[in-house]
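Written out below as structure tokens is the structure these notes cover.
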Amino acid sequence: MLPSMTSEPEQQIGVGTQDAFQRLWTPHRMAYIQGENKPSGPGADDGCPFCSIPAKSDEDGLVVRRGEHVYAVLNLYPYNGGHLMTVPYRHVADYTELTGPETAELAELTKQAMTALRTASGAHGFNIGMNQGTVAGAGIAAHLHQHIVPRWGGDTNFMPVVGHTKVLPQLLADTRAMLARAWPSA
């Protein structure tokens, strides 16, 4: 606990009846809730973040690895620390629309991401997958992306289950640098 912190609940006048709960404020999540960085339509020119990321520096775009057809990037709104996505450069919505080289590189970067996450953070397992279409849960359905979410024994505790809150122990820029250093040679 930091010296300036106390284990006693902070009193805030006018916010309702005091209860026994501590509050973990996560105002950065409001950007996701309000749809920040979401495209205005299905086209590549409709503000697709996956189309604009490659033009940024690796640090500014949170890009961990660039391939010829696909890149690996940290999720701006991660489920777990180290949550990566493999994304084709080409603006394509459906997995069946990928070319053979795009499919092969998506798979290869996914394997490399798993290796880097195991090396850098000792991940015990992974959730890997893609949501095809808005009805299937795709946040940005117009641009295909595959999630690679590292998992550790005991990483589902009371915070996400009861509190519906994920505690992420590392800043995204620090995670990006750590994974880029741990990324295996091709």
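The values are calculated or read from the model by the stated rules, or taken from the named source; none is laboratory data. Model, not experiment: these values are computed from the prediction. Glycine also receives a Cβ, built like all others from the backbone with ideal geometry; neighbour counts cover every protein chain displayed. SASA here: full protein model, heavy atoms, side chains in, ligands and nucleic acids out. Shrake-Rupley method; radii C 1.70, N 1.55, O 1.52, S 1.80 Å.
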Exercise. Please tell me if G100 is open to solvent by less than 80 Å² (accessible area, probe 1.4 Å) and at pLDDT below 95.
Key: no
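Consider T110 carefully, then state whether it is under 30 Å from D46 (Cα atoms) and either at pLDDT below 90 or crowded, with 17+ Cβ neighbours inside 10 Å (or both).
Working: under 30 Å from D46 (Cα atoms): yes; either at pLDDT below 90 or crowded, with 17+ Cβ neighbours inside 10 Å (or both): yes.
Spelling it out, T110 is indeed under 30 Å from D46 (Cα atoms) and either at pLDDT below 90 or crowded, with 17+ Cβ neighbours inside 10 Å (or both).
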Self-check item: Pick from the range 166-185, criterion surrounded by 15 or more Cβ atoms within 10 Å (Cβ to Cβ) and part of a loop (DSSP other than H, G, I, E, B), ranking: modelled with the highest pLDDT
Solution: W183
Practice problem: Select from the range 69-94 the residues that are out of contact with any strand residue (DSSP E or B) (no Cβ under 8 Å at 6 or more places or on another chain) and farther than 30 Å from G122 by Cβ and list them in ascending order. | Solution: R90, H91, V92, A93, D94
Quiz item: Is the range 71-80 home to any residue that is out of contact with any His (no Cβ under 7 Å at 6 or more places or on another chain) and either open to solvent by 60 Å² or more (accessible area, probe 1.4 Å) or part of a helix (DSSP H, G or I) (or both)?
Solution: yes
Practice problem: Quick one: L106 ticks every box in (1) touching a His at 6+ places or on another chain (Cβ under 9 Å); (2) assigned to a strand (DSSP E or B); (3) hydrophobic (A, V, I, L, M, F, W, C) except a single one, so which number is it? | Solution: (2)
